[in-house]
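The values are calculated or read from the model by the stated rules, or taken from the named source; none is laboratory data. Nothing here was measured: the structure is a model prediction, and the numbers come from that model. Here Cβ is always computed from backbone atoms with ideal geometry, including for glycine, and neighbour counts include all displayed protein chains.
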Amino acid sequence: MKPVVLFDLDGTLIDSTEAILESFGVAFSRFKKVTPKEELIKAQIGHTLEDMFMALGVDKEIVNDYVDSYKEHYRRVSCEKTILLPFAKDAIKEAHEFATLGIVTTKTGRFSRELLDSMGVMHYFDVLVGREDVINPKPHPEPILKALSKLSHDKNHSWMIGDTCMDIRSANASGVNAIGVTSGYSSVEFLLQCESHLFDDAQKAVNFIKQQY
């Protein structure tokens with residue numbers, strides 16, 4: 001049986017920072033609120049949109065209104081303002097040669113598929129688990145376990161590559177191998193608190209996995 005390699009999206013394979021920041025700005029402006037500083041927004045990337053907005057000061061009672069506004073704008077601009085990270089396409093192609101691939105993301109699955117389709121890489125992946133597919137997002141193990149279930153694959157010889165401690169904790173909680181990459185939104189120092197296997201980018205992470213087989 002082939003190993004399974006699961007990838008996070010933002011900061012691991014793609015850079016959608018421009019689209020994310022712009023969509024947050026639109027949402028805050030729509031409700032006549034001051035948009036938080038970019039660094040504060042970027043520090044929350046990887047969490048659910050609901051948690052991101054609440055961390056940025058939005059009340060729980062109205063957070064869904066902000067999320068809806070964000071999604072409305074994000075869907076219009078995301079394909080145009082999102083790029084594959086350096087070495088990401090090579091990582092995907094190389095991993096596909098020896099492994100079954102999946103995406104486990106806190107982004108909306110529909111948006112994620114549209115993005116990957118527009119970049120010409122969706123066909124490499126046999127499963128995509130997005131925010132709407134689970135009750136409990138990362139760092140809960142549910143998203144990874146759901147991906148493995150859809151692939152009819154067990155935890156053995158399964159790997160998760162991500163750029164945040166939420167990815168690593170989800171992997172650890174689900175019993176799969178975890179690898180951190182420093183191409184995203186977390187510092188090396190922060191990632192070292194939750195994972196010893198760290199690489200500069202997804203391609204180097206894939207090369208490490210390949211060496212295990």
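Just a few scattered comments:
- In segment 181-207, the residues that are assigned by TED's automatic domain parsing to the domain that holds D8 reach residues that are assigned to a helix (DSSP H, G or I) and acidic (D, E) with C-beta atoms within less than 8 angstrom, at least six apart or across chains, in these pairs: Q203/D90; Q203/E94; V206/E94; N207/E94.
- Residues satisfying the stated conditions in segment 23-58, i.e. exposed (fewer than 14 other Cβ atoms within 10 Å of the Cβ) and of a type in the set (S, T, N, Q): S29
- Considering segment 155-183, and only residues there that are of a type in the set (S, T, Y) and more than 16 Å from the chain's Cα centre (by Cα), the residue that is farthest from D200 (Cα to Cα) turns out to be S174.
- Close Cβ contacts (under 7 Å, 6 or more residues apart or on different chains) running from residues in segment 86-102 that are surrounded by fewer than 20 Cβ atoms within 10 Å (Cβ to Cβ) to residues that are of a type in the set (A, V, I, L, M, F, W, C) and assigned to a helix (DSSP H, G or I) comprise F87/A202; E94/V206.
- Enumeration of residues in segment 159-182 that are in a loop (DSSP other than H, G, I, E, B) and either surrounded by fewer than 22 Cβ atoms within 10 Å (Cβ to Cβ) or at pLDDT below 90 (or both): G175, T182
- Residue that is nearest to the chain's Cα centre (by Cα), among those in segment 27-48 that are without any contact (Cβ under 8 Å) to a residue 24 or more places away in the chain and assigned to a helix (DSSP H, G or I): I41
- When we screen S118, S152, S196, S186 for residues that are hydroxyl-bearing (S, T, Y) and either under 15 Å from the mean Cα position of the chain (by Cα) or surrounded by 23 or more Cβ atoms within 10 Å (Cβ to Cβ) (or both), the only hit is S186.
- Selection within segment 63-85 - in contact (Cβ under 8 Å) with a residue 24 or more places away in the chain, surrounded by fewer than 16 Cβ atoms within 10 Å (Cβ to Cβ) and over 20 Å from the mean Cα position of the chain (by Cα): D65
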